[in-house]
Amino acid sequence: MIVPRRSLGPAHFRRLYDANADPWRFRTSAYEQAKYRRTLAALGDRDFGAAFEVGCSIGVMTQLLALRCSAILAVDIVEQPLAEARIACADQPWVRFELMRVPVEWPDGIFDLIVLSEVLYFMSPADIVAVADRCAGSLASNGMVLLANWQGRSEDPCTGEEAASVFIERARGWLEPRTHVREPGYRLDLLRRR
């Protein structure tokens, strides 16, 4: 019997953050710092009005995005990293943080940029489809969706490759690929509303 893959829930992430406040070394990892630079470069020189960042963790990427956005809603599935993120972005009052379990929960509003960086592979394929559908209802007419997915192996519900493919296939009718980058360890996909 095939057991359906389930998205990782809050308990998984609580355990990670209980063991280490920065479990992926967002502040210190050369991999993460290079990925942040490449991610911002993929956005070009465009500034954004409202942005929505899913899986913001301790707010390292959020701080960088805030320099390009008039307003950001950044969310995570557990509270532990949000406390640090709020401190990190305290001098950026246009940034809001909320506890939210995506895709079951989703904010109201229209966004010029939706960032799904290193989060989709923690979800089941069915939840990735739901995220794509939620994005369709929340993305501005000229809006962009940025996907970043790790390409390593793990016990996560999806590989990064599968996660990106499921999202892009579901959004094929309303998003067009603008940028596709493969770097050692990760891929970036920037998609724009048709």
**Q.** Fraction in percent of alpha-carbon pairs per bin - 5 Å, region 1-47
**A.** 5, 16, 14, 13, 15, 16, 12, 7, 2, 1, 0
Q. Stretch Arg14-Ala136 to full length: gain in nm at 0.36 nm per residue minus the Cα-Cα span?
A. 41.0 nm
Q) How much length, in nm to one decimal, is gained on full extension between Leu40 and Arg86, taken as 0.36 nm per residue of separation minus their Cα-Cα distance? A) 14.4 nm
Q) By the gyration tensor of its Cα atoms, with a ≥ b ≥ c the square roots of the eigenvalues, what is the shape of region 31-121: rounded for a/c under 1.5, prolate for a/b over b/c, or oblate? A) rounded
Q. Which sequence of Phe167, Phe122 reflects their accessible areas, 1.4 Å probe, from the largest down?
A. Phe122, Phe167
Q: Order these peptides, 17-23, 78-84, by their mean beta-carbon neighbour count within 10 angstrom, highest first.
A: 78-84, 17-23
Q. With every protein chain present, what is the per residue accessible area of region 1-108 (1.4 Å probe, Å²)?
A. 53 Å²
Q: Quick one: which residues, 5+ away or cross-chain, put their amide H under 5 Å from the amide H of Ala74? H built at 1.01 Å from N.
A: Glu53, Arg96, Phe97, Glu98
Q | Within the chain, helix-based [θ] at 222 nm, where runs of 4 or more DSSP H residues each add -39,500 (n - 2.57), nearest 500 | A | -10000 deg cm²/dmol
**Q.** Where only alpha carbons of region 1-159 are counted, the Rg and the Dmax (Å)
**A.** 15.1, 52
Q. What shape does region 127-194 have by the C-alpha gyration tensor, where a ≥ b ≥ c are the square roots of the eigenvalues, rounded means a/c under 1.5, and otherwise prolate means a/b greater than b/c and oblate the rest?
A. oblate
Q) Once phi is turned into θ = phi - 60°, what whole-Hz ³J(HN,Hα) does the Karplus curve with 6.51, -1.76 and 1.60 give for every residue of region 48-59, x standing for Gly and Pro? A) 10, x, 8, 10, 10, 10, 9, x, 6, 6, 8, x
(Q) With a 1.4 Å probe and all protein chains left in place, how much of the accessible area of region 71-154 comes from carbon and sulfur atoms, in whole percent? (A) 55 percent
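The values are calculated or read from the model by the stated rules, or taken from the named source; none is laboratory data. Quantities reported herein were computed from a predicted structural model and do not represent experimental measurements. A quick note on method: Cβ atoms are made from the backbone with ideal geometry, for glycine too, and the neighbour counts reach across all protein chains shown. Just so you know, the surface numbers come from the protein's heavy atoms only, side chains and all, with ligands and any DNA or RNA stripped out. Shrake-Rupley method; radii C 1.70, N 1.55, O 1.52, S 1.80 Å.
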